[in-house]
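Presented below is the structure to which this report refers.
The values are calculated or read from the model by the stated rules, or taken from the named source; none is laboratory data. The structure displayed is predicted, hence computed values, not measured ones. Please note: Cβ atoms are built from the backbone with ideal geometry, for glycine as well, and neighbour counts cover all protein chains shown.
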């Protein structure tokens with residue numbers, strides 16, 4: 001055996017001996033593991049639980065809140081080093097009145113977003129501080145044209161709502177110059193469904209238009225009793241869940257749009273607000 005062969009074989013034995021130790025090393029500090037994802041989820045839930053929402057004139061009756069996120073999402077499309085968020089609802093009985101998200105972006109920046117689904121004023125507080133005082137929602141309670149009557153069966157109504165939601169589409173115009181246009185994807189299933197029959201509402205579902213899995217626009221479909229006919233009819237509400245310019249279409253025609261939130265005059269009375277909300281530091 002040549003000296004080259006002896007040294008080569010010897011080197012392989014040394015490498016083989018070291019390999020298990022290398023493989024057994026801990027993952028990099030910034031590696032995303034089930035444990036770190038769970039840690040972030042608990043953090044997002046704790047931040048969401050700090051806020052309470054009230055109807056006007058009912059400051060001592062906080063609305064019910066979904067403690068678990070209806071949607072856990074991320075948005076790698078925007079190029080953040082880290083993107084992790086959760087979507088929550090405030091409910092009046094079973095009916096959603098507002099949607100909230102908390103998300104971790106980049107190295108640990110926290111953002112919160114609120115959007116109203118209510119035609120009536122609301123008040124959001126955290127530790128007695130008013131964070132948000134929307135006077136109304138986005139495009140509220142519109143009659144959906146050329147829609148069939150709601151079916152008697154709750155199961156079949158869900159199929160109806162999914163078909164009706166497919167008539168809508170949405171795009172966002174991305175900063176800085178808004179020339180980059182992204183078509184949002186309608187999630188095939190609603191993120192929330194409620195079937196609690198009231199004198200006015202028979203059924204409803206909340207659909208989401210997403211970039212990756214990040215909700216950017218919301219569609220609330222409801223079988224509501226018509227004031228003129230007394231019969232149930234399909235009506236819709238549209239809400240933004242993004243700070244960028246958004247255009248929504250019904251049957252291919254624009255039905256609603258909003259401008260870039262950060263380039264417009266802002267008020268806590270707006271139907272939608274976005275705000276930085278601190279820093280996230282992972283536990284060691």
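The C-beta contact set for segment 51-75 (first residue under 15 Å from residue 38 (Cα atoms), second residue assigned to a strand (DSSP E or B) and at pLDDT below 95, distance under 9 angstrom, 6+ apart or interchain) comprises 73/83; 74/83.
Note on segment 201-220: among residues that are in contact with a helix residue (DSSP H, G or I) (Cβ under 9 Å, 6 or more places away or on another chain) and in contact (Cβ under 8 Å) with a residue 60 or more places away in the chain, the one that is nearest to residue 184 (Cα to Cα) is 211. Here residue 198 fulfils each of the conditions (1) touching a residue at least 40 places away in the same chain (Cβ under 8 Å); (2) in contact with a strand residue (DSSP E or B) (Cβ under 7 Å, 6 or more places away or on another chain); (3) assigned to a loop (DSSP other than H, G, I, E, B) apart from (2).
For segment 10-55, taking the residues that are exposed (fewer than 10 other Cβ atoms within 10 Å of the Cβ), modelled with pLDDT of 50 or more and part of a loop (DSSP other than H, G, I, E, B), the one that is nearest to the chain's Cα centre (by Cα) is identified as 33. Residue-level check: of (1) buried (at least 19 other Cβ atoms within 10 Å of the Cβ); (2) under 21 Å from the mean Cα position of the chain (by Cα), residue 203 misses just (2). With respect to (1) without any contact (Cβ under 8 Å) to a residue 12 or more places away in the chain; (2) more than 29 Å from residue 78 (Cα to Cα); (3) more than 23 Å from the chain's Cα centre (by Cα), the lone exception for residue 163 is condition (3).
Checking each residue in segment 93-111 for being out of contact with any strand residue (DSSP E or B) (no Cβ under 7 Å at 6 or more places or on another chain) and either within 28 Å of residue 281 (Cα to Cα) or surrounded by 15 or more Cβ atoms within 10 Å (Cβ to Cβ) (or both) picks out 106, 107. Count of segment 166-186 residues, restricted to those that are within 28 Å of residue 79 (Cα to Cα), in a loop (DSSP other than H, G, I, E, B) and touching a residue at least 24 places away in the same chain (Cβ under 8 Å), is 3.
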